[in-house]
Amino acid sequence: MSSVPPSSLLDLAPVLPVVVIDDPADAVPLARALVAGGLPAIEVTLRTPRALDAIRAIADGVPEAVVGAGTVIAPAQVKAAVGAGARFLVSPGWTDVLLNAMWGAGVPFLPGVSTASEVVALLERGVAEMKFFPAQAAGGTAYLRSLSGPLPQARFCPTGGIGPDSAPEYLALPNVGCVGGSWMLPADAVAARDWARVEALARAAAGLSAGGTCR
């Protein structure tokens with residue numbers, strides 16, 4: 001299993017799948033489909049009762065995947081997620097308590113921000129890679145473009161309301177490393193366990209780049 005240095009998390013693929021898993025039995029085939037499609041980093045959100053079981057299943061069964069935990073909002077979740085095998089952490093926002101817990105976890109993390117003040121506060125603490133959330137509602141590409149001038153050292157993974165049509169606009173920005181989204185995991189495909197369709201959608205997402213052309 002390869003390591004994931006903090007500086008590389010945003011560079012693993014243009015899209016970070018944001019995954020909600022209700023049944024841990026789906027975790028391994030779903031992860032394999034995403035990896036086969038070219039999306040190795042997978043954010044499993046802690047929104048369901050079996051999310052930690054899903055992370056554990058992917059960590060054990062799909063070693064080529066870089067599985068992480070999303071919707072991390074408490075220090076206890078940090079410890080539990082890393083214990084289950086999460087190799088990175090993503091939060092929708094941050095506090096000093098949560099940030100300290102993520103710092104101490106020993107894995108890359110993306111704390112959520114939506115204002116310039118939050119970005120500056122994280123830069124003061126030595127954090128330069130962040131999640132911009134909720135991206136569309138918080139100002140979208142126009143807001144991120146405005147931040148790139150005074151705060152060029154900050155890099156983002158925008159998430160929230162982004163789809164295949166808008167993703168290239170975000171990826172064209174100099175301060176965006178990747179985008180987060182779930183469009184490659186339509187509910188009907190997951191319910192039907194149509195992993196071939198998920199793989200095809202993942203492959204299309206992995207080919208996105210600035211301007212909508214394939215990398």
Checklist entry - Net charge near GLY70, counting Lys/Arg +1 and Asp/Glu -1 over other residues with Cβ under 13 Å of its Cβ? => result +2
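Would you kindly state how much longer the chain becomes between ASP194 and SER148 on full extension, computed as 0.36 nm times their sequence separation minus their alpha carbon distance, in nm to one decimal?
Working: separation 46, 0.36 × 46 = 16.56 nm, distance 3.98 nm.
Result for the pair: 12.6 nm of gain on full extension.
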Checklist entry - How far apart, in nm, are the 7 Å Cα→Cβ label points at ALA172 and ALA76? => result 4.6
Checklist entry - What is the local net charge at LEU10, summed over the other residues whose Cβ is closer than 12 Å to its Cβ (Lys, Arg +1; Asp, Glu -1)? => result 0
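Decide, for the stretch 1-130, between rounded, prolate and oblate: order the square roots of the alpha carbon gyration tensor eigenvalues as a ≥ b ≥ c, take rounded if a/c falls under 1.5, and otherwise choose prolate if a/b is larger than b/c, else oblate. Don't jump to the answer; show the numbers that get you there.
On the way: a/c = 1.95, a/b = 1.54, b/c = 1.27.
In terms of gyration-tensor shape, prolate.
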Checklist entry - So, how do all the Cα-to-Cα distances of the stretch 13-210 break down into 5 Å bins, in percent, from 0 on up? => result 1, 8, 18, 20, 20, 16, 11, 5, 1, 0
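Each reported figure results from applying straightforward, stated rules to the coordinates on display, with no laboratory input. Here the structure is a predicted model, which is why all the values come from computation and not from measurement. As a convention, Cβ positions derive from the backbone with ideal geometry for all residues, glycine included, and neighbour counts pool all protein chains shown.
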